[in-house]
Amino acid sequence: MNTKRILKILHVFAWIALIGLSIKAGAIIISYLISLGNEEVAKDLYEGMNLIAYKQNSLVHYSIIVGYRIIQFSIQAYIAFLVVKLLSNLNINKPFNANALKWMQTISYSLLLMWAIVVAHNIHVGILEATQGIKATLIPSEFVLIAGIVYVFSLLFKRGLELQYENDLTI
């Protein structure tokens, strides 16, 4: 399988991820709004996300915890959007360009932001578990490693862009 075909397949997967994550963020927003009037909805907010204990304890904490999730999925959708842009405009003959570098850096910063949101969520539910006795549902936070890897790739892209520019000047 050649590189162009692989990039096209990845482009399709990125679009699927973008659409799926956007639907997920939107579904959580709608479910949250419905749950404000119907407490039963908080038992299965979205795909088994049971936040009824938080809602029964405090509407403010419930809203903040749902907000963390909405922000998390929105950032993931934004990252998928950036990947779509990156793959749409990637020229395999001259892969090192300023736009690709900008998108890769933005992806790494977005992953880092998502990690910070997840850490804030996990600290928040941990405090609620300690003080209110509500069983904490933590979100995995491996995003910092992924953000670091993408950032290193963006640095490599930056160096590749510099070398490509120098090479263009010598020709």
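All of the numbers you see were taken from the coordinates with simple rules; none came from a lab. Computed from a predicted structure; not experimentally measured. Don't worry about glycine lacking a Cβ; one is built from the backbone with ideal geometry, like all the others, and counts go over all protein chains shown.
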Add -39500 (n - 2.57) for each DSSP H run of 4 or more in the chain, then divide by its residues: what number comes out at 222 nm, to the nearest 500 deg cm²/dmol?
-28000 deg cm²/dmol
For residue 43, put the label point 7 Å out on the Cα→Cβ axis and report which residues of segment 120-146 keep their amide N under 18 Å from it.
135
Within 10 Å of each candidate Cβ there may be at most 14 other Cβ atoms; applying that plus a DSSP loop requirement, which GluC sites (Glu not before Pro) in segment 82-171 survive?
142
Name the helices (complete DSSP H segments) of the chain with a Cα length along the long axis of 18 Å or more and a Kyte-Doolittle mean of at least 1.0, or state none.
3-37, 59-88
Taking 0.36 nm per residue of sequence separation and subtracting the Cα-Cα distance, how much length would be gained by fully extending the chain between residue 149 and residue 52, in nm to one decimal?
31.2 nm
If each residue's Cβ is checked for other Cβ atoms within 10 Å, how do 44, 168 rank with the fewest at the top?
168, 44
So how do 74, 58 line up by other beta-carbon neighbours within 10 Å, fewest first?
58, 74
Principal axes first, then extents: for the Cα atoms of segment 3-170, list largest minus smallest coordinate on each axis, whole Å, largest first.
68, 29, 20
